[in-house]
Amino acid sequence: MDGQDVWGQLALEATQVYLSDGTAARSPFANTTIEKMPDKVLLEIFSYLSHREICKMARVCKKWRLIAYNTKLWKNVSLRPEISGLHVGSLESLLALISIRFGPSLRYIELPIELITHTVLHELANKCPNLTHMLLDFSTAMQLHDFSELNAFPTKLKYLCICLSEVIFMEGFMRKIYNFINGLETLHLIGTYEKVEEEEEEIYEVINVHKLKSATPNLRVINLYGINFVDDSHIDAFSSNCIQLECLAVNYCSKVTGSTMKTLIQRSRRLQCLLMNGTSLQSEYLMQVEWEKCNLQEFDITATDLSTECLTDLLTRIPGLRFFSAGQLNGFNDSVLKAWAEHGNPRNLIALDLDSSDNLSEEAIYKFISKYGGQLWGLGISGMPHITDSLCTSILPILKNLKILVMGTQERLGVNVLVDQLMDCVANNCPILERLELRWDPENLRFSDKSQKAIDTLRVKCLKLRSLVLSDGRYYEIVKANFERADRLTVVRTITNCRVSNYYLLSNYKDLIFN
């Protein structure tokens, strides 16, 4: 039998099924090919592809082109190619897309500065009546388009994200849209925190927050991220007008000191989430707040330099924290943790991050986890060289409900971490774990030829695990290869590209996402 006959025989066998008496019968699916699939099935398959991939699929044949251009696949569109979005070559092309492909199906769109014009915004307002989420990226702008003729804007927006420029004043544009955005529930103003700035450079207030707050009385979620001009007066302005406010995030707004915190808590009775990572909070202001009367449940004061006295004061007075992030705080020591456990109310706590809290001892952490670890969903005990893997191993049997775990330090240690034993302990004690990060330097990880068994145990027992982050090195390659052989390709990642955080457990996490 030649090669062609062999392949013919194999193809025939592939289309046969066998009856109970051993006789062969032709499979009812023998002639089924992807071309014969119903359009609704193909549409469902295409829905899992990115828009870049969908555009490639449109070139295959006329049928696939029709499916690729189905408006149901174009509900959420990013036109920022630098962030995995589509590249649109001209305004004319975008206007055609809005009219022909997006239409009433469009719910979310991201626009870069070169595509933000009054013509585009008019077309979105007229052709996309169900548009509720919009991102406008002005961050690279050196000059704005002329918006003097702008007299229409999407009116059903619930979510608006504006990426600010360092030097371009936005008030001319904002004045044109104030009458259209009073239904907003979520507002993101994203600054340029990540850009390196010279200290002597002048800081411009490129958007008028005091006027903006009057136009947006229905805000539930406000995220002011890394804006160099935002200070306490802006927080005061929002709190005076936004009675629905549930979540306020001012991470990396370094001018925020907390001087209006007392007023904020008094006015915003619905405020449950307050994120103040990297701000300049002063202890004296926080100690004036009537914490006993607040409904605060989620609090992030990472890297804020608060005193031991202040930390003890607020943790023993806030009635029911469920999420607390207090990393990089020199004032957070054993006495604070002990006072919180004995005189506070950690009984509702589900997420705790103590990253780089060098003044906490292993003993204090162990005592606190022994008492409250069983209720935790997220725990971060990273960045502390004196916290050994033996502590991690000893507390893991308590952490049965854990979904997120971050351990280890990237500092080179004088002792080795027995990672096989640790992985095995995680696998046997945390069955619903979803995200795990081991930050130890690869030079400190010790593993044996039997490592595959421990990794197999983790993979098989922690079936909900969707992110496993490790420092790049030999052990990372072993773990990555193990998961890829099991067709779980996206689970294992490096610290360079991914970090794990308890933020996934925030009540308003989905509202706080931006890019």
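In region 241-264, what residues are surrounded by fewer than 20 Cβ atoms within 10 Å (Cβ to Cβ) and among the aliphatic types (A, V, I, L, M)?
Within region 241-264, Ile243 is the sole residue that qualifies.
If you take the residues of region 82-99 that are farther than 15 Å from Ile54 by Cβ and β-branched (Val, Ile, Thr), which of them is surrounded by the most Cβ atoms within 10 Å (Cβ to Cβ)?
This residue is Ile98.
Which condition from (1) at pLDDT 95 or above; (2) within 27 Å of the chain's Cα centre (by Cα) is the one that Ser239 breaks?
(1)
For Tyr108, which of the numbered conditions (1) farther than 20 Å from Ile181 by Cβ; (2) hydroxyl-bearing (Ser, Thr, Tyr); (3) within 25 Å of the chain's Cα centre (by Cα) fails to hold?
(1)
Among the residues of region 442-452 satisfying the criterion of being touching a residue at least 12 places away in the same chain (Cβ under 8 Å) and open to solvent by 30 Å² or more (accessible area, probe 1.4 Å), which is nearest to Ser390 (Cα to Cα)?
Arg446
So in region 100-112, with the set limited to residues that are open to solvent by less than 20 Å² (accessible area, probe 1.4 Å) and modelled with pLDDT of 90 or more, which one is nearest to Ala141 (Cα to Cα)?
Only one residue fits best here, namely Pro112.
Against the definition (open to solvent by less than 60 Å² (accessible area, probe 1.4 Å), over 21 Å from the mean Cα position of the chain (by Cα), hydroxyl-bearing (Ser, Thr, Tyr) and under 16 Å from Ser501 (Cα atoms)), how does Thr409 come out, yes or no?
It is true that Thr409 is open to solvent by less than 60 Å² (accessible area, probe 1.4 Å), over 21 Å from the mean Cα position of the chain (by Cα), hydroxyl-bearing (Ser, Thr, Tyr) and under 16 Å from Ser501 (Cα atoms).
Would you mind telling me which numbered condition in (1) under 28 Å from the mean Cα position of the chain (by Cα); (2) modelled with pLDDT of 90 or more; (3) of a type in the set (Val, Ile, Thr) Val120 fails?
Condition not satisfied by Val120: (1).
What's the total number of residues in region 231-268 that are among the hydrophobic types (A, V, I, L, M, F, W, C) and in a strand (DSSP E or B)?
3
Which residues, counting only those in region 484-496, are in contact (Cβ under 8 Å) with a residue 12 or more places away in the chain and farther than 11 Å from Arg466 by Cβ?
Within region 484-496, Ala486, Thr494, Ile495, Thr496 meet the criteria.
Does region 439-455 contain any residue that is within 22 Å of Trp377 (Cα to Cα), among the charged types (D, E, K, R), at pLDDT 90 or above and not in a helix (DSSP H, G or I)?
Yes, some residue in region 439-455 is within 22 Å of Trp377 (Cα to Cα), among the charged types (D, E, K, R), at pLDDT 90 or above and not in a helix (DSSP H, G or I).
Being open to solvent by less than 40 Å² (accessible area, probe 1.4 Å), among the β-branched types (Val, Ile, Thr) and part of a loop (DSSP other than H, G, I, E, B) is the filter here; which residues of region 470-515 pass it?
Val491, Ile495, Val500 - these are the residues of region 470-515 that are open to solvent by less than 40 Å² (accessible area, probe 1.4 Å), among the β-branched types (Val, Ile, Thr) and part of a loop (DSSP other than H, G, I, E, B).
Condition check ((1) surrounded by fewer than 19 Cβ atoms within 10 Å (Cβ to Cβ); (2) among the aliphatic types (A, V, I, L, M); (3) under 23 Å from Phe169 (Cα atoms)) across all residues:
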position	(1), (2), (3)
Tyr225	no, no, yes
Phe229	yes, no, yes
Ser239	no, no, no
Arg270	yes, no, no
Asn277	no, no, no
Gln282	yes, no, no
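Taking the conditions exactly as written (within 19 Å of Phe514 (Cβ to Cβ), open to solvent by less than 10 Å² (accessible area, probe 1.4 Å), in contact with a Cys (Cβ under 6 Å, 6 or more places away or on another chain) and not polar (S, T, N, Q)), does Val221 satisfy them or not?
yes
If you take just the helices (runs of 4 or more DSSP H) that sit entirely in region 1-81, which of them hold at least 2 residues that are open to solvent by 80 Å² or more (accessible area, probe 1.4 Å), over 22 Å from Leu95 (Cα atoms) and modelled with pLDDT under 80?
Ranges flagged: 3-14.
I need the full set of residues from region 425-437 which are in contact with a Phe, Trp or Tyr (Cβ under 9 Å, 6 or more places away or on another chain) and assigned to a strand (DSSP E or B), in order please.
Arg435
Which residue pairs have Cβ atoms closer than 8 Å, lie 6 or more positions apart in sequence or on different chains, and pair a first residue in region 201-213 that is of a type in the set (A, V, I, L, M, F, W, C) with a second residue that is open to solvent by 80 Å² or more (accessible area, probe 1.4 Å) and at pLDDT 80 or above?
Qualifying pairs under 8 Å: Val206/Phe169; Ile207/Phe169.
Residue by residue, here is whether (1) at pLDDT below 95; (2) open to solvent by 50 Å² or more (accessible area, probe 1.4 Å) holds:
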site	(1), (2)
Gly320	yes, no
Asn330	yes, yes
Ser356	yes, no
Gly378	no, no
Ser382	yes, no
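The values are calculated or read from the model by the stated rules, or taken from the named source; none is laboratory data. Worth saying up front: this structure is predicted, and the values here are computed from it rather than measured. Backbone-built Cβ (ideal geometry, glycine too); neighbour counts: all protein chains shown. Side chains are part of the model used for accessible areas, which takes the heavy atoms of the whole protein and leaves out ligands, DNA and RNA. Shrake-Rupley method; radii C 1.70, N 1.55, O 1.52, S 1.80 Å.
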